[in-house]
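Take a look at the structure set out below.
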Amino acid sequence: KLYEGTGDFATSSLRITDYKTGRVEKKHMMGTDSIFGEGITIFKNKIYQLTWESNIVYVYDVNNIDKPIRTFKWPYAGWGLTNNGTDLIISDGSPKLYFVNPDDFRLKSTISVTENGSQVYNLNELEYIDGFVFAIVYQSDFIVKIDPESGFVVGKIDLPGIIQKFAPGYAPKPMVEVLNGIAYDSATKKFLVTGKRWPKMFELKLN
């Protein structure tokens, strides 16, 4: 199963899909005219879901996504969300990553992400894999690999034109329908990548 958080006002949802077929098996519509769904993560049988500008975090039982079991307030914009097994890790479009206590949403620490001495902005979708934070740089073709201790970018995945190559009839709107979704299957070691309104998802194997 693949758990997905989708965006856009009014049509935002939390859903469960069969990622091999793309079939949506369960969907909870949670967006409104003012609530825009953003990153999700699963931590200790709970799903945490950010919202973009409404400063609300929804928490669901992983076995029932029909309605949240609680909410938290988050003072910043909500972009990407993952966890390291202890803390939630959040991005807000800035170069910062925020480490948060999942029980009360208390901020524990922050790091600033840099590459060759320059700050990296627009850190969006996040995934924690084998001790590193992978982040899509929004409106780019890059996924960066971040050392969460130092904040240094230690690797980069470059995917220019991937959707045009494998879906030649699809012409995404520039700067809109961009690379914007990552997930990781720790059992198969497969890295899943897609974008806004893309008709395909890709499996990557990291060396």
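Values quoted throughout were computed directly from the atomic coordinates according to the rules given, and no laboratory measurement underlies them. Keep in mind that what you see is a predicted model, and the values were worked out from it rather than measured. Using ideal geometry, Cβ is built from the backbone for each residue, glycine included, and neighbour counts are taken over all protein chains shown.
How much length, in nm to one decimal, is gained on full extension between Arg70 and Glu53, taken as 0.36 nm per residue of separation minus their Cα-Cα distance? Walk me through the intermediate numbers first.
On the way: separation 17, 0.36 × 17 = 6.12 nm, distance 1.84 nm.
Roughly 4.3 nm would be gained on extension.
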Checklist outcome for this item: Taking N as the number of residues in segment 1-108, the ratio of its alpha carbon radius of gyration to 2.2 N^0.38 Å works out to 1.01
Checklist entry - What is the ratio of the Cα radius of gyration of the chain to 2.2 N^0.38 Å, where N is its residue count, to two decimals? => result 0.96
Checklist entry - Computed over the Cα atoms of segment 109-148, what is the ratio Rg over Rh, Rh following Kirkwood? => result 0.93
Checklist entry - Restricting attention to segment 89-140, which trypsin sites (Lys or Arg not before Pro) occupy a DSSP loop and are surrounded by at most 15 other Cβ atoms within 10 Å? => result Arg106
Item to check | Compactness relative to 2.2 N^0.38 Å, alpha carbon Rg of segment 1-44 | outcome: 1.17
Next on the checklist: What is the sum of charges, Lys and Arg at +1 and Asp and Glu at -1, for the other residues whose Cβ falls under 15 Å from the Cβ of Asn122?
Outcome noted: -2
Checklist entry - Which ³J(HN,Hα) values in Hz, rounded to whole numbers, follow from the phi angles of segment 98-111 under the Karplus curve 6.51 cos²θ - 1.76 cosθ + 1.60, where θ = phi - 60° and Gly and Pro get x? => result 9, 9, 10, 6, x, 7, 10, 6, 6, 6, 9, 6, 9, 10
Checklist entry - Label points 7 Å out from Cα along the Cβ direction at Val24 and Ala167: separation in nm? => result 1.5 nm
Checklist outcome for this item: Cα extents of segment 105-187 per principal axis, largest first, Å, are 46, 34, 26
